[in-house]
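S.K.: Have a look at this one before I ask anything.
Taken together, the values in this text are just the output of simple stated rules run on the coordinates, not laboratory data. Please read these numbers as outputs of a predicted model, since none were measured by experiment. Cβ atoms come from the backbone with ideal geometry, glycine included; neighbour counts cover every protein chain shown.
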Amino acid sequence: MEIIENSERWRESYVKWSQWPDAMPSRDKLGHDYPYVINKRAPFVPARRALPMMNLALVTSAGAFIDGTDSFDMDAPRGDISFREIPIEIEAEDLRFAARGYDPAAVMEDINSQLPLARLFEFAGNGIIGQLNPVFWSFCGFIPDAERLARRTLPEFVERVKRYEAQAALLIPASRLCHQTMALAARALEMAGIPTMMLTVDRDAVETVRPPRAAYYNGAFGSVAGRPLWPEHQRRVLDEALRLIEPMDASGVHKLTVDLETAVEIGRGEK
């Protein structure tokens, strides 16, 4: 199993695309005919522990970094393939976001809409998960050169996650291209024996890249972990997605019921 199937063929397509003058019309947009990764199969390992016993790793592609440290390079035409390892005890005001490819308005209003540390601390406190891993990992997920990411960065990233003995990982993209980046990271983790769950608001993107497990709902880029300043919505999205890790016995994309419940709440004037 490969992170990118037929990676040499994909590299040829990417190089051809990148030579077009309008390949990158701006630092936040891809031009016409970008060759998104297409995989036919997904790696999959069953969960070895129940969710309340798991050490859960959190992975974001929202470009989070600690204030006062080096930011991600938002002008790199192939994307910045580095990642940051950040303590979960950090205060929200000490984080900054290199928001490439998505509108940062929601995460500026409420960090938990994209980086749900407060919600996951709640889950650890009430026994939904065993514990939240002491650090989380952050990418700037707008990375057009997916093969370079898979070849140079993801092996190192997987080794870091393994060092913390994580029993599962939750991956949260921010933009459309972030969905590809996080799906590739999920594939790499699963190939190393770590069960994953990826949140998605772009079903087409994940069905082509094929992460092992994905939970889809009709959300928005930039607030994939739930609507800003609506903790109950965030809890609902995360709880339903995480509870799928253990019972799923094959790779696939699961449609969450959160959309229906949210519509009912809005219709009743409860939100």
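S.K.: What are the radius of gyration and Dmax of segment 181-234, computed over its Cα atoms and given in Å?
M.R.: 12.1, 36
S.K.: Report Rg (one decimal) and Dmax (nearest whole number) for the chain, counting Cα atoms only, units Å.
M.R.: Answer for the chain, Rg first and Dmax second: 17.5, 53 Å.
S.K.: Round to the nearest 10 and give me the degree value, 0 to 90, for the angle of helix 154-163's Cα axis relative to the longest principal axis of the chain.
M.R.: With rounding to tens, the tilt is 30 degrees.
S.K.: Related question: What residues have an amide H closer than 5 Å to that of residue 64, excluding those fewer than 5 places away on the same chain, when H is modeled at 1.01 Å from N in the peptide plane?
M.R.: Under 5 Å from the amide H of residue 64 lie the amide H atoms of 98, 139, each far enough along the sequence or on another chain.
S.K.: Continuing with this model, one more query. For segment 7-267, give the magnitude of the charge dipole about the Cα centre (Cβ charges: +1 Lys/Arg, -1 Asp/Glu; no others), in debye to the nearest 20.
M.R.: Charge dipole, segment 7-267, about its Cα centre: 1000 debye, nearest 20.
S.K.: Divide by every residue of the chain the summed helix terms, -39500 (n - 2.57) for each DSSP H run of at least 4, and state the resulting mean residue ellipticity at 222 nm, rounded to the nearest 500 deg cm²/dmol.
M.R.: -9000 deg cm²/dmol
S.K.: Show the residues, 5+ positions off or on another chain, whose built amide H is closer than 5 Å to the amide H of residue 168.
M.R.: For residue 168, the qualifying residues are 55, 57.
S.K.: Another one. Taking the Cα-to-Cβ direction at residue 69 and at residue 19 and moving 7 Å from each Cα, how far apart do the two end points lie in nm?
M.R.: 3.9
S.K.: To make sure I understand the rule: partners must be aspartates and glutamates, Cα under 16 Å from the Cα of residue 162, and not fewer than 8 residues away in the same chain. Which ones qualify?
M.R.: Those aspartates and glutamates meeting the cut-off are 85, 190.
S.K.: What relative contact order, as a whole-number percentage, does the chain give when Cα pairs under 8 Å and 6 or more residues apart are counted?
M.R.: 24
S.K.: If you find the alpha carbon centre of segment 1-70 and of segment 182-221, how far apart are they in angstrom?
M.R.: 10
S.K.: HN-Hα J couplings of segment 59-66 from phi, Karplus 6.51/-1.76/1.60, θ = phi - 60°, integer Hz, Gly and Pro as x?
M.R.: Rounded to whole hertz, the list is 10, 10, 10, 7, x, 6, 8, 6.
S.K.: Right, something else. Using only alpha-carbon positions, what ratio does the radius of gyration of segment 78-177 give when scaled by 2.2 N^0.38 Å?
M.R.: Segment 78-177 yields a ratio of 1.13.
S.K.: ³J(HN,Hα) across segment 111-120 via Karplus (A = 6.51, B = -1.76, C = 1.60, θ = phi - 60°), whole Hz, x for Gly/Pro?
M.R.: 4, 6, 6, 10, 10, x, 5, 4, 5, 6
S.K.: Residue by residue, what Karplus-based ³J(HN,Hα) values in Hz, rounded to whole numbers, does segment 98-104 have, using 6.51, -1.76 and 1.60 with θ = phi - 60° and x for Gly and Pro?
M.R.: Going residue by residue, I get 8, 8, 9, x, 9, 7, x Hz, with x marking Gly and Pro.
S.K.: What residues have an amide H closer than 5 Å to that of residue 198, excluding those fewer than 5 places away on the same chain, when H is modeled at 1.01 Å from N in the peptide plane?
M.R.: Amide H neighbours of residue 198, under 5 Å, 5+ apart: 171, 213, 214, 215.
S.K.: Which of the GluC sites (Glu not before Pro) across segment 84-157 are loop residues per DSSP, with 10 or fewer other Cβ within 10 Å? All intermediate terms of the calculation are to be shown ahead of the outcome.
M.R.: On the way: sites: 85, 89, 91, 93, 109, 122, 147, 156; in loops: 89, 91.
Answer in residue order: 89, 91.
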